[in-house]
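The values are calculated or read from the model by the stated rules, or taken from the named source; none is laboratory data. These numbers were taken from a predicted model, which means no experiment stands behind them. Neighbour counts run over all protein chains shown; Cβ positions are idealised from the backbone, glycine included. Side chains are part of the model used for accessible areas, which takes the heavy atoms of the whole protein and leaves out ligands, DNA and RNA. Shrake-Rupley method; radii C 1.70, N 1.55, O 1.52, S 1.80 Å.
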Amino acid sequence: MKKDIESAADIELMVNSFYNEVKSNSILGHIFENVAKVDWQTHLPKMYSFWSSLLLGEHSYSGNPMVKHIALSKITPLSETEFSTWLLIFNRIVDLHFQGAKAEEAKSRAANIAQLMLHKIEMH
């Protein structure tokens, strides 16, 4: 039986597994690698902090991901297709590794984040 998301190590597994898939995804990979030119050594710890703050109550994240995504949307399309793909990968990764209340919360929060970002991007 799979365990729930309970620790920083669980968050790192989730985030690392997610971005490993994103990097090779035909829809999202080029956005991260070629357009945003993500510095993974900087980005991954921020994402650990982001998800640890949301799911484990660590309050370690500071930043405004909305501003960065809106700016990125002015360079490359970020539409329903991109956000649906992001969410599909995220949910698959969570389901692959975890089950339980926090796993469900992670998927719910990811869906809300994707919906909110898409809405804000469409408004700009």
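Summary of values
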item: Some residue of region 61-75 being over 22 Å from I121 (Cα atoms) and in contact (Cβ under 8 Å) with a residue 24 or more places away in the chain; result: no
item: In region 25-45, the residues that are exposed (fewer than 15 other Cβ atoms within 10 Å of the Cβ) and within 25 Å of A101 (Cα to Cα); result: P45
item: Residues of region 55-99 that turn out to be in contact with a strand residue (DSSP E or B) (Cβ under 8 Å, 6 or more places away or on another chain) and open to solvent by 30 Å² or more (accessible area, probe 1.4 Å), as a count; result: 1
item: Enumeration of residues in region 8-24 that are touching a residue at least 12 places away in the same chain (Cβ under 8 Å) and open to solvent by 40 Å² or more (accessible area, probe 1.4 Å); result: A8, E12, L13, N16, E21
